[in-house]
Amino acid sequence: MKVSVIGCGYLGAVHAASMAELGHEVIGVDTDSHRISELAAHRAPFYEPQLPEILASAGAKGRLRFSTDIADAGGARVHFLAVGTPQKAGGYAADLTFVDAAVESLIPHLAPGDLVVGKSTVPVGTAARLAARVAEGCPGAMLAWNPEFLREGFAVKDTITPDRIVYGLPSDPDHAATAKALLDEIYATAIARDTPVVVTDYQTAELVKVAANAFLATKISFINAMAEIAEVVDADITQLADAIGYDSRIGRKFLNAGVGFGGGCLPKDIRAFTARAEELGRGESVSFLKEVDAINLRRRQRVVDLVIEMLGGKIYQRKVAVLGLSFKPESDDTRDSPALDVAVQLKGRGADVVAVDPKAVPNSMRKHPQLAYTEDLETALSGAHAVVLVTEWAQYRQLDPEWAARLVRRPLIIDGRNCLDPAAWRAAGWTYRGMGRS
Ligand SMILES: NC(=O)c1ccc[n+]([C@@H]2O[C@H](COP(=O)([O-])OP(=O)(O)OC[C@H]3O[C@@H](n4cnc5c(N)ncnc54)[C@H](O)[C@@H]3O)[C@@H](O)[C@H]2O)c1
């Protein structure tokens, strides 16, 4: 199948390369010429495991091209929309400027029978509006909504072997049948593996995505709220999470207390959901998401407060080693990253912050040039008065406490992800503080 992918960021670049890997002929289009020149040379413009390998393999087979010219999408039968839907400046709602611009630029290059497939996360009602615009701009062209659930760090695996596929189809039965047949052909490999496919309408498909993210965010903030209580009464949140997680109705996943969630999806998606629900006159139905957001942001402050407390209130010109900058391990994405936020706040309080991350230093440096950065753990730790672990990269989780103790000035560690063994660190002479742990 000839397909185009409009928008080649964290979602679109992986989608384009994965579709080519699955045997489709793909043209990826983006307005960012640097991103496109990297992708055209089959180099990954950001860090995502397995992306370099599939770019190289699909590129070598001649099935994957990239362009900044939307006219090159002409001739494809299916056009995926994968542009960003960030939070609006000065508000909670999603900014749909990029989605609207992408559709407008694509319309002159559509042919009757073409299918536009939305993958971006959008407020409910967007697909119906865009479908009308596509039908008006190119009679006979159709639109479907096919939300994406990939996790950065596992994006290639999640795209090639998704845990479910959702089709939001047009209400016209003929168009729905054509769109479904095209999507079935696109996802034939996953479907042959018995991947569940939920076939539904636009509005359900749009809501599925935001509901999934709202649920995940709520689960994380739930355990972090319990951590706030545990801190006061000297209980242990990790044991609490283990104990409730044994109940299969609850489950242990996404119950790790820590510095909270971040990234380019969860924070802006729950805010956009709140804003859309208010527009629909149902603000109270998801008003709890404002609390979910507030709990999440308080955890960042809690880490900063713990550092200050452990340094006896004297943070000015104290060297603080911040381990991690990306919003999660195995990604260089620093959008709304709790780790970067903590580093910036500590700097703002007067600390001499040295932040270390194996992949996210360039992105962090562009946003916050005032911080000192390194990719070398030893440099970060040397002479530090306190160490804060805020992104649980494997190399930080596996840090040898005895080796680290020899490098620092004072053996104080704040484990913002509860990913270290407190007993091992205390045995090596460290004062250890976790989140929601005595
Ligand atoms: N990143 C994820 O893990 C993930 C997962 C699921 C869903 N999503 C959703 O996917 C969408 C994209 O997210 P992302 O993380 O890839 O964002 P991103 O910012 O990394 O990528 C968006 C890309 O779109 C390009 N773009 C903007 N306007 C364009 C236009 N008119 N024509 C062509 N290209 C254009 C930008 O240059 C950029 O490269 C968002 O709605 C997001 O919520 C993301």
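The values are calculated or read from the model by the stated rules, or taken from the named source; none is laboratory data. Note that the coordinates shown come from a computational prediction; the quantities given were computed from them, not determined experimentally. Please note: Cβ atoms are built from the backbone with ideal geometry, for glycine as well, and neighbour counts cover all protein chains shown.
Brief remarks follow.
- Whenever a residue of the range 115-137 is in the same structural domain as Arg271 (by TED's automatic domain parsing), it has no partner that is modelled with pLDDT under 95 lying with C-beta atoms less than 7 angstrom away and at least six residues away or across chains.
- Subset of the range 104-140 [β-branched (Val, Ile, Thr) and over 20 Å from Val210 (Cβ atoms)]: Ile107, Val116, Val134
- Considered as a group, the residues in the range 88-97 that are touching a Pro at 6+ places or on another chain (Cβ under 8 Å) and in contact (Cβ under 8 Å) with a residue 24 or more places away in the chain include one that is nearest to the ligand (Cβ to nearest atom), and that residue is Ala94.
Listed here are the residues, each with its yes/no results for (1) among the small types (Gly, Ala, Ser); (2) touching a residue at least 60 places away in the same chain (Cβ under 8 Å); (3) within 16 Å of the ligand (Cβ to nearest atom).
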position	(1), (2), (3)
Glu330	no, yes, yes
Thr334	no, no, yes
Arg366	no, no, yes
Pro369	no, no, no
Leu377	no, no, no
Val390	no, yes, no
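- Yes/no for Asp100 being among the acidic types (Asp, Glu), within 10 Å of the ligand (Cβ to nearest atom) and either touching a residue at least 12 places away in the same chain (Cβ under 8 Å) or in a helix (DSSP H, G or I) (or both): yes
- Conditions (1) at positive phi; (2) out of contact with any Ser or Thr (no Cβ under 9 Å at 6 or more places or on another chain): number failed by Arg271: (1)
- Scope the range 103-114; condition touching a residue at least 60 places away in the same chain (Cβ under 8 Å) and surrounded by fewer than 16 Cβ atoms within 10 Å (Cβ to Cβ); matching residues: Gly113
- Those residues of the range 111-129 which are more than 12 Å from the ligand (Cβ to nearest atom) and out of contact with any Gly (no Cβ under 7 Å at 6 or more places or on another chain), in sequence order: Ala111, Asp114, Leu115, Val116, Val117, Val124, Gly125, Ala128, Arg129
- The condition (being crowded, with 23+ Cβ neighbours inside 10 Å and free of Cβ contacts under 8 Å to residues at least 40 places away in the same chain) is satisfied by just one residue among Ala424, Ala386, Ala351, Ala355: Ala355.
- Of all residues in the range 272-288, those that are farther than 25 Å from Asp332 by Cα and within 16 Å of the ligand (Cβ to nearest atom) total 4.
- Among the residues of the range 227-271, those that are within 16 Å of the ligand (Cβ to nearest atom) and either in contact with an Asp or Glu (Cβ under 9 Å, 6 or more places away or on another chain) or at pLDDT below 95 (or both) comprise Phe261, Gly262, Gly263, Gly264, Cys265, Leu266, Pro267, Lys268, Ile270, Arg271.
- Spans of strands (runs of 3 or more DSSP E) in the range 348-438 with at least 2 residues at pLDDT 95 or above and under 12 Å from Val320 (Cβ atoms): 352-356, 386-389, 412-415
- Residue count for the range 5-22 under the criterion of being more than 12 Å from the ligand (Cβ to nearest atom) and without any contact (Cβ under 8 Å) to a residue 60 or more places away in the chain: the result is 1.
- Exactly one residue out of Asn224, Asn213 is touching a Cys at 6+ places or on another chain (Cβ under 8 Å) and either buried (at least 17 other Cβ atoms within 10 Å of the Cβ) or not assigned by TED's automatic domain parsing to the domain that holds Asp415 (or both), and it is Asn213.
- Residue check for Thr334: assigned to a helix (DSSP H, G or I), surrounded by 14 or more Cβ atoms within 10 Å (Cβ to Cβ) and of a type in the set (Val, Ile, Thr): no
- Out of Arg77, Arg65, Arg43, sole residue that is without any contact (Cβ under 8 Å) to a residue 24 or more places away in the chain and either of a type in the set (D, E, K, R) or away from the ligand (no atom under 12 Å from the Cβ) (or both): Arg43
- Filter pass, Ile295 being over 20 Å from the mean Cα position of the chain (by Cα) and surrounded by 14 or more Cβ atoms within 10 Å (Cβ to Cβ): no
- Test: residue in the range 143-156 that is more than 13 Å from the ligand (Cβ to nearest atom) and in a loop (DSSP other than H, G, I, E, B): no
- Total residues in the range 187-210, condition more than 25 Å from Pro123 (Cβ to Cβ) and touching a helix residue (DSSP H, G or I) at 6+ places or on another chain (Cβ under 7 Å): 1
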